[in-house]
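These notes concern the structure reproduced below.
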Amino acid sequence: MSSPMPTAGAKGQDAFTAAQAAQDASAKHATRSFKIWRGEAGKGDFVEYKQDVVEGMVVLDAVHEIAATQANDLAVRWNCKAGKCGSCSAEINGMPKLMCMTRLSDLDADKPVTIEPMRAFPHMRDLVTDVSWNFEVKKKIQKFTPRPPDAPDGTWRMQQTDVDRVQEFRKCIECFLCQDVCHVLRDHHKHEEFIGPRFLVYAAALEMHPLDTADRVPELRKEHGIGLCNITKCCTKVCPEHITITDNAIIPLKERVVDEFFDPIGKLVKIYSRRKKANG
Amino acid sequence: MRRDAWWLQPLIVFVILGGFVVYATWAAFQNAHYAYGPYLSPFYSPEIFGDPRTAWFGGKPSWWPGLLPFSPALIILPFPGLFRFTCYYYRGAYYKAFWADPPNCAVGEPRSSYIGERSFPLIMQNIHRYFMYVAVLFLFFLAHDVWKALWFEDVPGVKHFGIGVGTIVLAVNVVLLSCYTLGCHSMRHVVGGFLDQLSRHPVRKKAYDCSSCLNRWHMKWAWMSLIGVAFSDLYVRMCSMGVWHDWRLL
């Protein structure tokens, strides 16, 4: 009878665990102070926790440690811990950030780290907010409407250079930090009149797509309230995917609104060019 | 609440932009010391009315309002001024610095009402591209001024080629203004950004790529060209007043 042999996976895991333990042992430990917002439905206060932290930890690691050892009922939304799911959005020292992508070493060690829920959305509990408004807004934007297929087999042809421009917008992980920092939503609560930077990026991805034929410009001006954006670029500043939201999505859409509604000379030139093309 | 020095950036914008507006207004009302040798201050270029010996259409026009002091710069400055005022970058910057709307990202506002750029007066910001067209025209005039700044008249009636520090100052000014104007968001849109299939228009595609390249530095061009144009006026003014000496390099 042969003795059970360790698998390659288990062997690898042991080595990883051992390496991690060695790394943890040699890493610098420190006690940091955290002020976490605790409460329900908008009511609550900061509660201070002292927590032992290790070099290399991010804010979400510290929150997990606190939840495991000091506050078992702490509500926090998280998922991938890799900055790709957009779940752990919060306000760290007053700035909208992903908890999993904010290193403790980048924050002032002399002062407590404050962690609050996003302010632009209804508060549920502790660090969790109700972001469902965003999904309702998304439904209001005209869907992708491609032109008829280019080939008999029902496929399309397009140039990479034409898709490059909208490719950037597809990096969005829907963390809604841009919505949170936008003062139109955050301070002025214009949720009924303004779709916010996230959905202006979404609209830009559709509107600038080389195959798309739908015209979203009138809606962008009226129902979606693009005129409420006053170009503070805060959305660009907080985007964890580094999407150039203002320069590449919002301003080009604003310019398309100008084409349609505020540039009579440009419009006449375009009508003349179209007629010339049709006649000749 | 943010704990970093969030107030520093709007304060810097307030000081530099406010300082520029004060200096430009003061300089525009001077109607003096705006030319020195072959140099002409960009605040006064093109000199449509002004010095009867050099202006296109002679001295002070007859239709000039009696109550308003005359200065050639008052005809010129509103156009580049409005180009900058309606610029997408400056809008965001001065809404924060001068109107605290918001004071900075994720910082609470002092007022609850908000209309954005959807209603009068800020809806007028949408005509930015018309000021951009005028600003492009001005680049030609300023480039021509650099050409004129290469021809010195040390002996009356005899012009010869030369390069002074002033020539370089005016040339750098045109380069900075060109980078700012040609990388403007409206320029980027009208040269090709409005198209979804740029690959079908190779010339527009090239122009769009060039404008986009400049646009990535738009904020930096905005500040460098602002300082450049103010310094060009100051240089010509100081030389004309005899405070600074214009070094001739060639």
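Enumerate the helices (runs of 4 or more DSSP H) found wholly within the stretch A:212-280, keeping only those where 3 or more residues are buried (at least 21 other Cβ atoms within 10 Å of the Cβ).
Qualifying helices (runs of 4 or more DSSP H): A:234-238, A:251-261.
What number of residues in the stretch A:254-265 are farther than 14 Å from A:ALA204 by Cβ and either in contact with a Phe, Trp or Tyr (Cβ under 9 Å, 6 or more places away or on another chain) or more than 8 Å from chain B (Cβ to nearest Cβ) (or both)?
Looking only at that region, the number is 5.
Output the qualifying pairs, or none if there are none: Cβ atoms under 6 angstrom, residues six or more apart or on different chains, first residue in the stretch A:87-112 and under 20 Å from A:HIS183 (Cβ atoms), second residue charged (D, E, K, R) and in a helix (DSSP H, G or I).
So the pair list comes out as A:PRO96/A:ASP180.
Considering only residues of the stretch B:124-139 that are in contact with a Ser or Thr (Cβ under 7 Å, 6 or more places away or on another chain) and within 20 Å of B:VAL229 (Cβ to Cβ), which is nearest to the other protein chains (Cβ to nearest Cβ)?
B:HIS128
Six or more apart or on different chains, Cβ atoms under 8 Å: show the pairs whose first residue is in the stretch B:1-13 and away from every other protein chain (no Cβ under 11 Å) and in contact (Cβ under 8 Å) with a residue 40 or more places away in the chain and whose second is small (Gly, Ala, Ser) and part of a helix (DSSP H, G or I).
B:LEU11/B:ALA97; B:VAL13/B:ALA93; B:VAL13/B:ALA97
Just wondering, is there one or more residues in the stretch A:105-122 that are away from chain B (no Cβ under 14 Å) and aliphatic (A, V, I, L, M)?
no
Is there any pair linking a residue in the stretch A:258-280 that is not assigned by TED's automatic domain parsing to the domain that holds A:ILE226 to one that is part of a helix (DSSP H, G or I), with Cβ under 7 Å and at least six apart or on different chains, and which?
none
Return the only residue of B:ILE123, B:ILE115 being of a type in the set (Val, Ile, Thr) and in a loop (DSSP other than H, G, I, E, B).
Just one listed residue meets the conditions, B:ILE115.
Name every residue in the stretch A:116-145 that is buried (at least 20 other Cβ atoms within 10 Å of the Cβ) and among the aromatic types (Phe, Trp, Tyr), in order of residue number.
Once the filter is applied, which keeps residues that are buried (at least 20 other Cβ atoms within 10 Å of the Cβ) and among the aromatic types (Phe, Trp, Tyr), the stretch A:116-145 yields only A:PHE121.
Take residues that are out of contact with any Phe, Trp or Tyr (no Cβ under 7 Å at 6 or more places or on another chain) and tell me which of the strands (runs of 3 or more DSSP E) falling wholly in the stretch A:64-183 contain 2 or more.
Output list reads A:89-92, A:95-98, A:123-125.
Mind listing whichever residues of the stretch B:95-111 are in a loop (DSSP other than H, G, I, E, B) and facing another protein chain (nearest Cβ under 7 Å)?
Result: B:ASP101, B:PRO102, B:CYS105, B:ALA106, B:GLY108, B:GLU109.
Do you know which of the residues in the stretch A:185-216 that are more than 10 Å from every other protein chain (Cβ to nearest Cβ) and in contact with a Leu (Cβ under 8 Å, 6 or more places away or on another chain) is nearest to A:GLU168 (Cα to Cα)?
Looking at residues that are more than 10 Å from every other protein chain (Cβ to nearest Cβ) and in contact with a Leu (Cβ under 8 Å, 6 or more places away or on another chain), I get A:ALA204.
Out of curiosity, is B:ALA135 more than 27 Å from B:LEU182 (Cα to Cα), of a type outside the set (S, T, N, Q) and buried (at least 20 other Cβ atoms within 10 Å of the Cβ)?
no
Can you tell me which residues in the stretch B:205-250 are among the small types (Gly, Ala, Ser) and over 30 Å from A:ASN248 (Cβ atoms)?
Matches in the stretch B:205-250: B:ALA230, B:SER232, B:SER240, B:GLY242.
Grab the helices (runs of 4 or more DSSP H) fully contained in the stretch B:145-243, keeping just those with 1 or more residues being free of Cβ contacts under 8 Å to residues at least 24 places away in the same chain.
In the stretch B:145-243, B:165-182, B:202-215, B:218-241 are the helices (runs of 4 or more DSSP H) which contain 1 or more residues that are free of Cβ contacts under 8 Å to residues at least 24 places away in the same chain.
Is it the case that A:ALA203 is more than 22 Å from A:GLY83 (Cβ to Cβ) and in contact with a Lys or Arg (Cβ under 7 Å, 6 or more places away or on another chain)?
yes
If A:LYS222 passes every condition in (1) more than 9 Å from every other protein chain (Cβ to nearest Cβ); (2) under 23 Å from A:THR161 (Cβ atoms) but one, which one does it miss?
Of the numbered conditions (1) more than 9 Å from every other protein chain (Cβ to nearest Cβ); (2) under 23 Å from A:THR161 (Cβ atoms), the odd one out for A:LYS222 is (2).
If I ask for residues that are surrounded by fewer than 15 Cβ atoms within 10 Å (Cβ to Cβ) and among the aromatic types (Phe, Trp, Tyr), which ones from the stretch B:138-149 would you list?
B:PHE140, B:TRP147
The values are calculated or read from the model by the stated rules, or taken from the named source; none is laboratory data. Computed from a predicted structure; not experimentally measured. Glycine gets a Cβ as well: all are built from the backbone with ideal geometry, and neighbour counts include every protein chain shown.
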